[in-house]
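The values are calculated or read from the model by the stated rules, or taken from the named source; none is laboratory data. Computed from a predicted structure; not experimentally measured. No Cβ is skipped: glycine too gets one built from the backbone with ideal geometry, and neighbour counts run over all protein chains shown.
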Amino acid sequence: MTKLSAILFDIDDTLFSTTAFARQARVNAVRAMIDAGLELPEEVVLRELDEVLAEFSSNYEHHYDKLLQRLRPPSLVRRNTALIVAAGVAAYHDTKFRELRPFDDVRPLLGDLQKVGMRVGIITHGWTVKQAEKLVRLGLVPFLDPRAVFISDQIGISKPNPKLYETALRDLQLPANEVMYVGDSPEHDIAPPHSIGMITVWAKRAARHGLEGKSIRPDYTVEDFGELREILRRDFSLALT
């Protein structure tokens, strides 16, 4: 039976549906901006916002300012653009307060892993404050080993560089073959840890990209964490209920 000393998870589209949440939050933001005086059709504004995100990345801090610079509707002459931007920002964050939650099977699994003494942690790509805030808002911090939370911005190494995973192993003082990594992205979450000998699990339920046409092969594929729970019982002898 393979020894397992730690399980590390990705956050986005692994512990919750980042894609679905972000889309709803952006729709709410655009609607609030229109209510505040941005006199354009919702679909036009959303399409332009998608372009801003594609060009400047989701971690850029001034999406809505850029959006107004690009759209330049005549109605803005009669408005204070700061109020329109603030309406969008407030609506986005209000959505985050109301709707950011993990998949239903995440907290039960992490709680049971904690009970059996498994070290549970995170390896995630993104800005330090944003990724840490997600863990707080998802209510997952109590289940995590605080020494096993690795954020790319904080470490100074981004996915898919395997050095990010090697840093985590070194800090945890664990061999690769005793650490499982669970993530949604074949290129970022499966190929790099697999290349250094970690046990890899592809969480496919919210994955934006599949394995078709790729040479990437995870050790396990799961649709949900009920399936992961069964693997941990069967192949690693964890006493999970």
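Key figures
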{"read-out": "Any hit, segment 78-97, residues being surrounded by 13 or more Cβ atoms within 10 Å (Cβ to Cβ), closer than 18 Å to A206 by Cα and touching a residue at least 60 places away in the same chain (Cβ under 8 Å)", "value": "no"}
{"read-out": "Considering residues of segment 3-25 that are more than 11 Å from the chain's Cα centre (by Cα) and among the charged types (D, E, K, R) only, the residue surrounded by the fewest Cβ atoms within 10 Å (Cβ to Cβ)", "value": "K3"}
{"read-out": "Selection from segment 1-51 of residues that are touching a residue at least 60 places away in the same chain (Cβ under 8 Å), assigned to a loop (DSSP other than H, G, I, E, B) and among the charged types (D, E, K, R)", "value": "K3, D10, D13"}
{"read-out": "Number of positions in segment 166-205 that are surrounded by fewer than 17 Cβ atoms within 10 Å (Cβ to Cβ), more than 23 Å from D235 (Cα to Cα) and within 17 Å of the chain's Cα centre (by Cα)", "value": "1"}
{"read-out": "Verdict on K96 being in contact with a Ser or Thr (Cβ under 9 Å, 6 or more places away or on another chain) and either outside the structural domain of D12 (by TED's automatic domain parsing) or among the basic types (K, R) (or both)", "value": "no"}
{"read-out": "Subset of segment 212-228 that is modelled with pLDDT of 95 or more, of a type outside the set (A, V, I, L, M) and more than 18 Å from S5 (Cβ to Cβ) - its residue that is surrounded by the fewest Cβ atoms within 10 Å (Cβ to Cβ)", "value": "E223"}
{"read-out": "Residue within segment 195-202 that is polar (S, T, N, Q) and within 21 Å of L110 (Cα to Cα) present", "value": "yes"}
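A quick yes/no check of all residues on (1) among the acidic types (D, E); (2) assigned to a strand (DSSP E or B):
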site: R170; (1), (2): no, no
site: L174; (1), (2): no, no
site: V182; (1), (2): no, yes
site: D189; (1), (2): yes, no
site: W202; (1), (2): no, yes
site: R205; (1), (2): no, no
site: R208; (1), (2): no, no
site: L211; (1), (2): no, no
site: L228; (1), (2): no, no
